[in-house]
Amino acid sequence: MPRTRIHNFSISLDGFATGEPQSLEAPFGHAGQRLHQWMFATRYWDPSGSAGVDDAFAQQFAPGIGAEIMGSNKFGPPDWQDDESWTGWWGEDPPFHTPVFVLTHRPRPALTMGGGTTFHFIEASPAEALAAAQEAADGLDVRIGGGPTVVRDFLSAGLVDHMHLVQVPILLGRGVRLWDGLEGIEESFEVESVTSPSGVVHLVFTRRTD
Ligand SMILES: NC(=O)c1ccc[n+]([C@@H]2O[C@H](COP(=O)([O-])OP(=O)(O)OC[C@H]3O[C@@H](n4cnc5c(N)ncnc54)[C@H](OP(=O)(O)O)[C@@H]3O)[C@@H](O)[C@H]2O)c1
């Protein structure tokens, strides 16, 4: 059975997955790049990077994935819909290489990029978006790419099978929190954790089948 997966989703000790305010100049607000320094230091990101625990987890991002679902605030800064030329943060060849379904209340026609990425802009419930992404994924898994609002909505709807979180030892104090409204969510999952020498903790949530 195809699964719904989350990878490399980084949160601060106090549970924030982005800072504030989000803008064109600062996509993660006051968090800057601090949530993802662990990943930039890996071979996955940089050929001269480390090949240890962090790299082993980071490398799981793409294999077996046939489509991604992301939120509007991951795709662009506030009100990117007003800019017809906005094609996302990632340039001509985005790192997805699959269909990507962007959840937005202001949809626009699909956008075909290089390298196999096509952005589809849809207004849909999590279950409807997942059905569309599963059809596009053609038997492969669907990744929920974030941000935190969308991850939270898919967790609330019970639609996530596998979630890899990276707890980064920083305190952001403000931003968008992942965990709000998800009290007791761990009871639906087997949870394993691996501490990395880099200081981050990898948390793997696998949906219980019993
Ligand atoms: N820490 C990490 O690993 C990580 C990973 C990915 C992204 N991020 C960061 O997270 C931030 C974005 O997260 P976020 O929580 O602010 O927002 P988000 O989850 O990216 O997007 C939420 C927005 O998507 C639209 N949306 C959500 N559900 C919808 C639905 N069912 N139908 C139609 N539209 C829907 C709405 O926007 P509209 O009403 O405007 O259309 C909503 O405000 C960015 O800073 C990004 O860089 C962090």
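The values are calculated or read from the model by the stated rules, or taken from the named source; none is laboratory data. Here the structure is a predicted model, which means the values were calculated and not measured. When we count neighbours, we look across all protein chains shown, and the Cβ atoms used for this are built from the backbone with ideal geometry, even at glycine. These accessible areas exclude ligands, DNA and RNA; they are computed on the full protein's heavy atoms, side chains included. Shrake-Rupley method; radii C 1.70, N 1.55, O 1.52, S 1.80 Å.
Observations, loosely collected:
- The residue list SER188, SER193 contains one member that is surrounded by fewer than 18 Cβ atoms within 10 Å (Cβ to Cβ), of a type in the set (Ser, Thr, Tyr) and farther than 21 Å from ALA17 by Cα, which is SER188.
- Any hit, region 21-42, residues being more than 18 Å from VAL100 (Cα to Cα) and of a type in the set (Val, Ile, Thr): yes
- Within the option set LEU182, LEU172, LEU165, being under 29 Å from LEU140 (Cβ atoms) and crowded, with 18+ Cβ neighbours inside 10 Å holds for one residue only, LEU165.
- Criterion violated by ASP93 - all others in (1) more than 25 Å from VAL160 (Cα to Cα); (2) in contact (Cβ under 8 Å) with a residue 24 or more places away in the chain; (3) open to solvent by less than 60 Å² (accessible area, probe 1.4 Å); (4) not basic (Lys, Arg) satisfied: (3)
- Restricting MET39, MET70 to residues that are touching a residue at least 24 places away in the same chain (Cβ under 8 Å) and farther than 19 Å from THR117 by Cβ narrows the list to MET39.
- The set of residues in region 101-111 being open to solvent by less than 50 Å² (accessible area, probe 1.4 Å) and away from the ligand (no atom under 12 Å from the Cβ) consists of LEU111 alone.
- Residue match in region 1-15 (condition: without any contact (Cβ under 8 Å) to a residue 60 or more places away in the chain and not acidic (Asp, Glu)): yes
- Search result, residues across region 52-79 that are near the ligand (Cβ under 9 Å from one of its atoms), crowded, with 17+ Cβ neighbours inside 10 Å and of a type outside the set (D, E, K, R): MET70, GLY71, SER72, ASN73, PHE75
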